[in-house]
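Here is the structure we will look at, set down as structure tokens.
The values are calculated or read from the model by the stated rules, or taken from the named source; none is laboratory data. Everything numeric in this text was worked out from a predicted model, so none of it was measured. Reconstructed Cβ throughout: ideal geometry from the backbone, glycine too, with neighbour counts over all protein chains shown. Accessible surface is based on the protein model in full, side chains and every heavy atom, while ligands, DNA and RNA are left aside. Shrake-Rupley method; radii C 1.70, N 1.55, O 1.52, S 1.80 Å.
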Amino acid sequence: MIFGEKFRKKYALSEAGEANVKKGVFWTVVTNLLVMSGIGLL
């Protein structure tokens, strides 16, 4: 997986910070898919 010990060390994240990054990535992907599906329907 892209998240792990190397990722935390590279970006100086705590475990909570890593969890927040995961949430951010997830919701960014969801938002982008929703926006693209709207455009796709047009």
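Observations, loosely collected:
- Rounded to the nearest 500, the helix-only mean residue ellipticity at 222 nm of the chain stands at -26000 deg cm²/dmol, with each DSSP H run of n ≥ 4 adding -39,500 (n - 2.57).
- Charged side chains reduced to their Cβ positions (Lys and Arg at +1, Asp and Glu at -1) give the chain a dipole of some 140 debye around its Cα centre.
- Along its principal axes, the chain has C-alpha extents of 44, 16, 13 angstrom, given from the largest down.
- Accessible area expressed per residue, the chain, with surrounding protein chains retained (probe 1.4 Å, Å²): 89 Å²
- Top positive-direction residue, dipole computed over the chain with Cβ charges, set THR28, GLY40, ALA16: ALA16
- Charge context of PHE7, other residues only, Cβ under 13 angstrom, K/R +1, D/E -1: +2
- Folded to 0 to 90 degrees: helix 15-41 orientation relative to the chain principal axis, Cα: 10 degrees
- The chain - percent of accessible surface contributed by carbon and sulfur, probe 1.4 Å: 68 percent
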